[in-house]
Amino acid sequence: DQGLQKTKENFFTKITKAIAGKSTVDEEVLDQLEEALIGADVGLDTTIEIIKRIEDRVARDKYVNTSELNSILQDEIRAMLVVSPENSYKDFSTPAGKKPYVILVVGVNGVGKTTTIGKLAYNFTKAGKNVLLGAADTFRAAAVDQLTIWSDRTGVPIVKQPMGSDPGAVAFDTVQSGVARGSDVIIIDTAGRLHNKIYLMEELGKIKRVVQKVIPDAPHEVLLVLDGSTGQNAVEQAKQFTAATDVTALAITKLDGTAKGGVVLAIANQFKIPVKFIGVGEKMEDLLIFDKHEFVDSLFK
Ligand code: GDP
């Protein structure tokens with residue numbers, strides 16, 4: 001069910017309340033729907049957009065039955081998830097001719113970046129790929145240690161250097177080693193320090209440049225990891241990271257256990273960057289390839 005049980009419960013309790021005893025979608029229903037969407041962390045802008053579309057529909061059709069509201073909402077939500085029509089990671093495949101396929105992983109500490117990398121390593125390995133990890137978050141000893149634990153757990157090799165080493169040097173070593181070993185997928189962890197945007201830009205820019213010395217069209221993906229349970233904070237982080245570097249894909253974690261799953265919609269709609277993975281637990285099996293149809297279905301069924 002894409003791990004959205006709590007979001008669904010929260011959202012639907014409110015929608016059910018909004019339409020209780022009503023046959024048509026009127027101002028009052030729309031007000032309550034707006035509240036339900038905001039309560040599910042869909043975000044103000046995206047909520048206003050959804051309400052506006054439904055209002056237009058009501059204006060056009062004059063009379064909209066409340067029982068039709070669910071299907072209208074589903075249509076509108078699907079329309080907002082148009083980015084990424086087909087998820088490029090179907091079955092953890094990688095594009096032909098891109099070997100090694102290099103994924104640079106960015107995000108603030110604590111969002112589940114290391115766990116997501118571990119889950120990706122597990123899934124790509126399961127799909128028959130040779131994976132290599134690069135520990136380019138050299139600022140925290142714990143980051144390298146944690147990634148090493150995931151390397152042991154998944155049996156995926158890791159390239160690392162002592163804490164405090166130059167992240168660019170680690171990234172360079174990693175891609176060089178990946179080419180030499182014939183790796184299919186290289187996943188590079190980076191430090192997620194947001195307090196200094198210029199620094200972040202420079203650091204990520206430098207990592208990219210050294211990676212490109214070895215593989216000119218790499219990184220093939222810059223994956224931003226966001227913690228879905230932080231709701232609008234995740235939106236704020238997306239804003240900052242997209243300003244600092246070209247983010248090409250999103251992974252949204254911790255959607256299990258939160259009622260704020262609507263944030264997926266807010267982020268997809270606002271940044272027009274495809275959500276490619278969602279995290280629904282702490283174990284390595286708990287990463288899903290995001291599928292917008294399944295996502296919408298799991299919210300409504
Ligand atoms: P990092 O600092 O960004 O590398 O974060 P970690 O990967 O160390 O994760 C921080 C905490 O979040 C850990 O306790 C993880 O087990 C937990 N975590 C990561 N992803 C998920 C998820 O999808 N669901 C849940 N429930 N917990 C998660």
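The values are calculated or read from the model by the stated rules, or taken from the named source; none is laboratory data. These numbers were taken from a predicted model, which means no experiment stands behind them. Glycine also receives a Cβ, built like all others from the backbone with ideal geometry; neighbour counts cover every protein chain displayed. Note: accessible area is taken over every heavy atom of the protein model, side chains too, but ligands, DNA and RNA are not part of it. Shrake-Rupley method; radii C 1.70, N 1.55, O 1.52, S 1.80 Å.
Put simply, when 62-75, 221-234, 238-251, 197-210 are sorted by average Cβ atoms within 10 angstrom per residue, most first, you get 221-234, 238-251, 197-210, 62-75. Taking Lys and Arg as +1 and Asp and Glu as -1, the other residues whose beta-carbon sits under 10 Å from that of Ile289 total -1.
What are the lysines whose alpha-carbon lies under 22 Å from the alpha-carbon of Lys98, with same-chain residues fewer than 8 places away excluded? Answer for Lys98, where 22 Å is the Cα cut-off: Lys90, Lys119, Lys126, Lys129, Lys206, Lys208, Lys213, Lys276, listed by chain and number.
Taking a straight line from the alpha carbon of Lys197, these aspartates and glutamates sit under 15 Å away, with near neighbours fewer than eight places off in the same chain left out: Glu236, Asp246.
By how many nm would the segment from Asp246 to Gln212 lengthen if fully extended, with 0.36 nm per residue of separation less the alpha-carbon distance?
Details: separation 34, 0.36 × 34 = 12.24 nm, distance 1.48 nm.
Length difference between fully extended and current span is 10.8 nm.
Surface exposure of the range 49-158, expressed per residue as accessible area with a 1.4 Å probe, stands at 43 Å². Scanning residues 5 or more positions from Thr24 or on other chains, those with amide H under 5 Å from its amide H are Thr66, with H placed 1.01 Å from N in the peptide plane. Put simply, the Cα atoms of the chain extend 66, 39, 32 Å along their principal axes, the longest span coming first.
With Cβ to Cβ distances under 13 Å as the rule, what net charge do the other residues near Tyr122 carry (K, R +1; D, E -1)? It works out to a net charge of +1.
Per-residue counts of other Cβ atoms within 10 Å, averaged by peptide: what ranking do you get for 182-190, 18-26, highest first? Can you show the working numbers first?
Working: 182-190: 24.8, 18-26: 14.7.
Ranking, from highest mean packing down: 182-190, 18-26.
Taking other residues whose beta carbon is less than 12 angstrom from the beta carbon of Arg57, and scoring Lys, Arg as +1 and Asp, Glu as -1, yields -2.
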